[in-house]
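Visitor: Structure below; questions to follow.
None of the figures in this text is laboratory data; all of them are computed from the coordinates on show. Note that this is a predicted model, so its numbers are computed, not measured. Quick reminder, even Gly has a Cβ in these numbers, built from the backbone with ideal geometry, and neighbours come from all protein chains shown.
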Amino acid sequence: DIDRGWGPRQTVGLDYLFDEPVLMGSQRIGPDLADVGSRLADRNWHLLHLYHPRTVVEKSIMPAYPYLFETRSIGDSPSPDALALKGEFAPEEGMEVVPTPEANALVEYLLSLRIFHPVFEAPYLFTQSEPSENIDSEMEPAE
């Protein structure tokens, strides 16, 4: 799982301690989002995934959420927030796709979902910088 980029440590039973009901195995469709902010910290990836999931995950079954975005004329200068869409997902010439405040808020929420509680069964793999005494706030797991 670590090699696939699914997180900085393996999943253990303790990760599901407060889940009600626990959805494991075939009952869940899609990844566990409880730690998605650690696994996928790229804001642009999340915006593209919300706009049209197949822009970043070829065989995704997640529905698109285009209503969280505004397609508008570029005008004099393009928006710095416009999505970099190519090919079949690109808007018409002279148009750009910009996230709404709701899309930005949703991505900020997803990025805030991080689990940094160290457990004996599955220690974190740290980068070159060792964690300080305040392990919960300053932990930098390896990617």
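Visitor: Sequence gap at least 6, Cα distance under 8 Å: using those rules, report the relative contact order of segment 40-112 to the nearest whole percent. If you can, show how the numbers build up before the last one.
Guide: Working: 89 pairs, mean separation 24.6, N = 73.
It comes to 34 percent, rounded to a whole number.
Visitor: On to the next question. Highest first, please rank the peptides 31-44, 87-100 by the mean number of other Cβ atoms sitting within 10 Å of their residues. If you can, show how the numbers build up before the last one.
Guide: On the way: 31-44: 16.1, 87-100: 13.5.
Result, highest mean first: 31-44, 87-100.
Visitor: Same structure, new question: What's the local net charge at Asn104, with K and R +1, D and E -1, over the other residues with C-beta under 15 Å away? Don't jump to the answer; show the numbers that get you there.
Guide: Values: positive: Arg43; negative: Asp42, Glu70, Asp81, Glu102, Glu108.
It works out to a net charge of -4.
Visitor: Still on this model: Can you work out the FRET efficiency for the pair Asp81 and Val119, with r the C-beta to C-beta distance and R0 = 41 Å, to the nearest 0.05? Before the final figure, lay out the partial values.
Guide: Working: r = 38 Å, r/R0 = 0.93.
It comes to 0.60.
Visitor: Kindly write out, for segment 53-61 in residue order, the coupling ³J(HN,Hα) from the Karplus curve 6.51 cos²θ - 1.76 cosθ + 1.60 (θ = phi - 60°), rounded to whole Hz, with x marking Gly and Pro.
Guide: Each residue's phi maps through the Karplus curve to give x, 6, 6, 10, 10, 3, 9, 4, 9 Hz.
Visitor: Same structure, new question: Kindly identify segment 40-112 as rounded, prolate or oblate by the Cα gyration tensor criterion: order the square roots of the eigenvalues as a ≥ b ≥ c, call it rounded if a/c is under 1.5, otherwise compare a/b with b/c, prolate if a/b is larger, else oblate. Don't skip to the answer; put the middle values down first.
Guide: On the way: a/c = 1.98, a/b = 1.30, b/c = 1.52.
Oblate, since a/c reaches 1.5 and b/c is not below a/b.
Visitor: For Ala64, what charge total do you get from the other residues with a beta carbon under 13 Å from its beta carbon, if Lys and Arg give +1 and Asp and Glu give -1?
Guide: Values: positive: Arg54; negative: Glu88.
Value of the local net charge: 0.
Visitor: Using modelled amide H (1.01 Å from N, peptide plane; none on Pro or chain starts), what sits under 5 Å from the amide H of Glu70, excluding residues fewer than 5 places away?
Guide: Counting only residues 5 or more places away or on other chains, the set is Val98, Thr100.
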